[in-house]
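Only one structure is covered here, and it is reproduced in the block below.
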Amino acid sequence: MPDVAFLARAHLFADRIAFCTPDASHTYQELLDRSAEIAVELLQDQIDLQEARVALLVSPGFEYTASQWAIWRAGGIKLPICLSATEPEWEYVLSDSQVSTVIADTANALKIAPLCERLGVRLMNVSDIHVDALKDLPDIDVNRRAMILYTSGTTNKPKGVVTTHANIQAQIESLIQAWEWSSEDRIPMFLPLHHIHGIINIIGCALWSGAMVEPFTRFEMNAILKRVRVDAYTLFMAVPTIYVKLIQMLEEADDQDRCDIVAGFKKMRLMVSGSAALPASVHERWAQLTGQKLLERYGMTEIGMAISNLYRGERRPGSVGAPLPGVELRLKMENGPVITGENEPGEIQVRGPMVFQAYWNRSEATAETFEDGWFRTGDMAVLEAGYYRIMGRLSVDIIKSGGYKLSALEIEAALLEHPFIAECAVVGMPDDTWGEAVSAAVVLQKGPLDLMALREWCKERLSVYKIPQRLKVVSELPRNAMGKVTKPAVRLLF
Ligand code: MLC
Ligand code: AMP
C-alpha cells in the first residue's frame with residue numbers, strides 16, 4: 001500500500017516559506033523538523049499510535065500544522081476542536097471520540113487542563129515540547145484514518161466525520177487541478193481550523209503546492225487589508241459573510257482608502273466564496289467594487305468540495321457550477337428516480353475517492369446516509385444550462401450562520417435546560433450578514449426573559465455562533481394534528 005504523500009510533497013519545497021507572520025516565517029523544512037519532534041513526544045515509548053485520537057487546540061499557523069503532521073507521522077487520528085467552544089462542547093467531542101491526548105498551545109492548555117484532568121486525558125503544551133533525539137517514525141498507509149471533524153446535522157449532537165489520508169489527498173488534488181494552485185501562490189488564512197474550508201481548501205491545498213500561508217487568529221479585517229493593499233496575496237478564500245462585511249467596509253471607506261484596497265483585490269488571480277449560499281447581489285456588488293468575479297463552489301465536511309464554477313470559464317452568480325475533477329454527482333428525487341435532464345430539482349448525491357469513510361462509532365447513521373453507494377448530501381439542487389444551482393436543504397433543522405453549520409435540535413436541547421423555558425423551537429431566519437440568523441421561539445414557564453439575558457445564559461453552554469440572535473416569546477408553539485411543532489409556521493412568528 002502506498003504511503004501518505006504530504007511528506008514527500010513537503011520535501012520538494014524544503015527551502016520555501018510555508019508560514020509567514022509579521023513576527024516570524026517558517027520553511028517547509030522547519031515544518032518537517034518540528035513535526036518529527038512533536039511526533040516523538042507523542043509516541044513516548046510506543047512505535048505507532050495505531051489510530052489513537054489526538055485533539056488539537058492550537059491557534060492557526062506553524063505550530064498547529066506541525067502538530068497535525070506530527071499526529072499523522074506518529075500514526076494517530078487528528079481531531080481539531082473549536083478554540084472558542086464551551087467546556088461542555090469540548091467534553092462531548094473528547095468523550096465521543098475517546099481522545100487519548102490533547103495538544104494545546106499555552107493559552108488554550110490553561111483553559112482545557114481541568115477537563116483533561118477530569119477525563120484522564122493526556123495534555124501536551126506544544127510550547128514545552130523539545131526532544132533531544134529523534135527516532136524512526138512508522139510508515140503510514142494512505143488508507144489509514146487521518147482525521148475526525150465534528151459536524152452538526154439532523155441529530156441532537158454533532159457526529160464525527162472520519163476521513164482517511166486517501167480521502168484527504170483526493171479532496172486536495174481535485175482543487176489543485178481545478179483552481180491551478182502553484183508554489184507561487186500566497187494566501188491569507190483567517191477561518192477556523194476545525195472545519196474543512198480552512199483545513200483542506202486553504203492550508204491543505206497551499207502546503208501540497210509549496211505555496212505560502214499567512215495565518216491570522218480570526219478574521220482580523222484591518223490587519224488583512226493592510227496586506228491586501230501591498231499585493232501580498234494571489235488567492236483569497238472566504239465565506240459569504242466575510243464578503244458582506246468587506247463590501248460594507250469598502251462602501252464606508254474614503255476614496256483613497258477604497259482605491260488602495262481595491263487595487264490589491266484586483267491583482268489577485270482568484271477569489272473564492274463557499275460554505276454557504278453567496279447571494280447573486282453580493283456577487284454582483286463585489287464585481288462592481290473590485291472587478292473580481294467571485295468563484296462560488298459547493299462542498300461539505302463529508303465529501304470535501306464537489307461542485308465549482310470554472311476558474312477559466314463562466315462564473316455564474318447564484319450558481320455553484322459543475323462537478324469538480326474526480327467527483328461523480330447525481331440528482332435524485334427523494335424515494336424517486338435519478339434525474340436525467342435539466343430544470344428538475346433533486347437531492348445532490350456524490351460518489352468518489354473524496355467521500356468520507358464513516359461517522360465515528362455510528363454505523364447506523366453512516367448506513368442511512370448512503371444510497372446505493374452514493375452519499376446523500378441532504379442539499380437540493382437543479383441543473384440549469386450546465387450549471388448546478390443550490391435550492392436549499394431537505395432538513396429544516398440545519399442552519400448555516402456565517403458559514404457554520406448548526407443543528408436546531410442541539411440548540412433547542414440547550415435552551416430547554418433554561419429554568420424559565422418550557423418549550424422551544426429554533427429556526428434559521430434569512431439574514432443579510434449571516435445568511436441565516438439563529439432564531440428561537442419559546443414558551444415560558446416563568447419569566448420574564450429577554451434576548452440579552454438569554455444570550456448571557458447561553459454563553460456557558462453554547463459556542464457564541466450557536467446562540468440565538470432573535471427571540472420570540474409566545475404562549476404556544478404551532479403544532480400539527482400529531483402534536484409535532486411545524487417549523488414553517490414557527491418561521492412566520494418572526
Ligand atoms: C461570530 N459571531 C457569529 C458568528 N461568528 N454569530 C453568528 N454566526 C456566526 N458565524 C458573533 C461573534 O461571536 C460576536 O458576538 C458577533 O457575532 C460579531 O462578531 P465579529 O467579530 O464581527 O465576527 P467575526 O469574528 O468576524 O466572525 C465572522 C466570521 C466567522 C464570518 C469570520 O463566523 C467565521 O469564521 N465563519 C466561518 C466558519 C467556517 O469556516 N465555516 C466553514 C465550515 S466547512 P458578540 O456577542 O460577541 O457580539 C463547510 C464546508 C464548505 O461549510 O463548503 O466549506
Ligand atoms: P458543513 O457540513 O459544515 O461542511 O457544511 C456543508 C453545507 O454547507 C452543505 O451541505 C450546504 O448546505 C452548505 N454549502 C456549502 N457551500 C455552499 C454553497 N456554495 N451554496 C449553498 N450552500 C452551501
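Scanning segment 251-299 for residues that are within 16 Å of ligand 1 (Cβ to nearest atom) and either farther than 22 Å from residue 324 by Cβ or of a type in the set (Asp, Glu) (or both) yields 252, 279, 282, 286, 296. What do you reckon, is residue 344 surrounded by fewer than 17 Cβ atoms within 10 Å (Cβ to Cβ), under 15 Å from residue 178 (Cβ atoms) and acidic (Asp, Glu)? No, not satisfied. Can you pull out every residue in segment 439-494 that is more than 16 Å from ligand 1 (Cβ to nearest atom), hydroxyl-bearing (Ser, Thr, Tyr) and more than 11 Å from residue 427 (Cβ to Cβ)? Selection gives 475 alone.
For segment 448-467, does any single residue satisfy the condition of being under 30 Å from residue 283 (Cα atoms) and loosely packed, with under 12 Cβ neighbours inside 10 Å? Full working, then the answer.
Within segment 448-467, the subset under 30 Å from residue 283 (Cα atoms) is 463-467.
Filter once more, keeping what is loosely packed, with under 12 Cβ neighbours inside 10 Å: 464.
Scanning segment 448-467 turns up at least one residue that is under 30 Å from residue 283 (Cα atoms) and loosely packed, with under 12 Cβ neighbours inside 10 Å.
Could you tell me which residue of segment 414-447 is surrounded by the most Cβ atoms within 10 Å (Cβ to Cβ), considering only residues that are farther than 19 Å from residue 494 by Cβ and out of contact with any Cys (no Cβ under 8 Å at 6 or more places or on another chain)? The residue in question is 418. Does residue 438 fit the bill of being of a type in the set (A, V, I, L, M) and modelled with pLDDT of 95 or more? Yes.
Per-residue answers, yes or no, for (1) in contact with a strand residue (DSSP E or B) (Cβ under 7 Å, 6 or more places away or on another chain); (2) over 29 Å from residue 431 (Cβ atoms); (3) of a type in the set (A, V, I, L, M, F, W, C):
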residue	(1), (2), (3)
167	no, yes, no
173	no, yes, no
238	yes, no, yes
258	no, no, no
273	yes, no, no
277	yes, no, yes
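Elements of the type strands (runs of 3 or more DSSP E) sitting completely within segment 338-421 and holding at least 3 residues that are away from ligand 1 (no atom under 16 Å from the Cβ) and in contact with a Lys or Arg (Cβ under 9 Å, 6 or more places away or on another chain): these cover 346-351, 374-384. Output the qualifying pairs, or none if there are none: Cβ atoms under 7 angstrom, residues six or more apart or on different chains, first residue in segment 263-276 and without any contact (Cβ under 8 Å) to a residue 60 or more places away in the chain and crowded, with 23+ Cβ neighbours inside 10 Å, second residue part of a helix (DSSP H, G or I) and not polar (S, T, N, Q). Note: pairs meeting the criteria are 273/240; 273/243. Among all positions in segment 440-452, there is no residue which is touching a residue at least 60 places away in the same chain (Cβ under 8 Å) and among the acidic types (Asp, Glu). If the condition is being touching a helix residue (DSSP H, G or I) at 6+ places or on another chain (Cβ under 9 Å), surrounded by fewer than 24 Cβ atoms within 10 Å (Cβ to Cβ) and either β-branched (Val, Ile, Thr) or at positive phi (or both), then segment 59-80 contributes only 75. Of all the residues in segment 435-480, those that are assigned to a loop (DSSP other than H, G, I, E, B) and within 16 Å of ligand 2 (Cβ to nearest atom) number 1. Cβ-Cβ distances below 6 Å connect the following pairs, each with a first residue in segment 218-229 that is outside the structural domain of residue 61 (by TED's automatic domain parsing), a second residue that is part of a loop (DSSP other than H, G, I, E, B), and a separation of six or more residues or different chains: 219/190.
Residue 219: within 12 Å of ligand 1 (Cβ to nearest atom), surrounded by fewer than 19 Cβ atoms within 10 Å (Cβ to Cβ) and within 20 Å of residue 22 (Cβ to Cβ), yes or no? Before the answer, list the steps.
Details: within 12 Å of ligand 1 (Cβ to nearest atom): yes; surrounded by fewer than 19 Cβ atoms within 10 Å (Cβ to Cβ): yes; within 20 Å of residue 22 (Cβ to Cβ): yes.
So residue 219 fits the description; yes.
Can you spot a residue in segment 128-140 that is assigned to a strand (DSSP E or B) and either under 27 Å from residue 218 (Cβ atoms) or aromatic (Phe, Trp, Tyr) (or both)?
No, every residue in segment 128-140 fails to be assigned to a strand (DSSP E or B) and either under 27 Å from residue 218 (Cβ atoms) or aromatic (Phe, Trp, Tyr) (or both).
With surrounded by 17 or more Cβ atoms within 10 Å (Cβ to Cβ), assigned to a loop (DSSP other than H, G, I, E, B) and of a type in the set (A, V, I, L, M) as the only criterion, which of 32, 49, 56 stands out? None of the other options fit; the residue is 49.
Within segment 120-137, the residues that satisfy the criterion of being closer than 27 Å to residue 95 by Cβ and either within 16 Å of ligand 2 (Cβ to nearest atom) or not small (Gly, Ala, Ser) (or both) are 121, 122, 123, 124, 125, 126, 128, 129. Against the condition more than 30 Å from residue 339 (Cα to Cα) and hydroxyl-bearing (Ser, Thr, Tyr), how does residue 369 come out, does it pass? No, not satisfied. All of 392, 373 fail the test of being near ligand 2 (Cβ under 9 Å from one of its atoms) and not charged (D, E, K, R), apart from 392.
Scoring residue 306 on the criteria (1) in contact with a strand residue (DSSP E or B) (Cβ under 8 Å, 6 or more places away or on another chain); (2) surrounded by fewer than 20 Cβ atoms within 10 Å (Cβ to Cβ); (3) not hydroxyl-bearing (Ser, Thr, Tyr) leaves a single failure, condition (2).
Report yes if residue 297 is surrounded by fewer than 18 Cβ atoms within 10 Å (Cβ to Cβ), modelled with pLDDT of 95 or more, closer than 28 Å to residue 184 by Cβ and basic (Lys, Arg), otherwise no. For residue 297, the condition - surrounded by fewer than 18 Cβ atoms within 10 Å (Cβ to Cβ), modelled with pLDDT of 95 or more, closer than 28 Å to residue 184 by Cβ and basic (Lys, Arg) - is not met. Note on segment 162-180: among residues that are crowded, with 23+ Cβ neighbours inside 10 Å and outside any helix (DSSP H, G or I), the one that is nearest to ligand 1 (Cβ to nearest atom) is 163. Looking across segment 263-309, the residues that are over 26 Å from residue 357 (Cα atoms), outside any strand (DSSP E or B) and within 22 Å of the chain's Cα centre (by Cα) come down to 277, 278, 279, 282, 283, 294, 309. Please go through segment 268-292 and pick out each residue that is out of contact with any Ser or Thr (no Cβ under 8 Å at 6 or more places or on another chain) and more than 15 Å from ligand 2 (Cβ to nearest atom). Scanning segment 268-292 gives 284, 285, 287, 288, 289, 290, 291, 292.
The values are calculated or read from the model by the stated rules, or taken from the named source; none is laboratory data. Note that the structure is a prediction, hence the values are computed from the model and not measured. Heads up, the Cβs are rebuilt from the backbone with ideal geometry, glycines too, and the neighbour counts pull from every protein chain shown.
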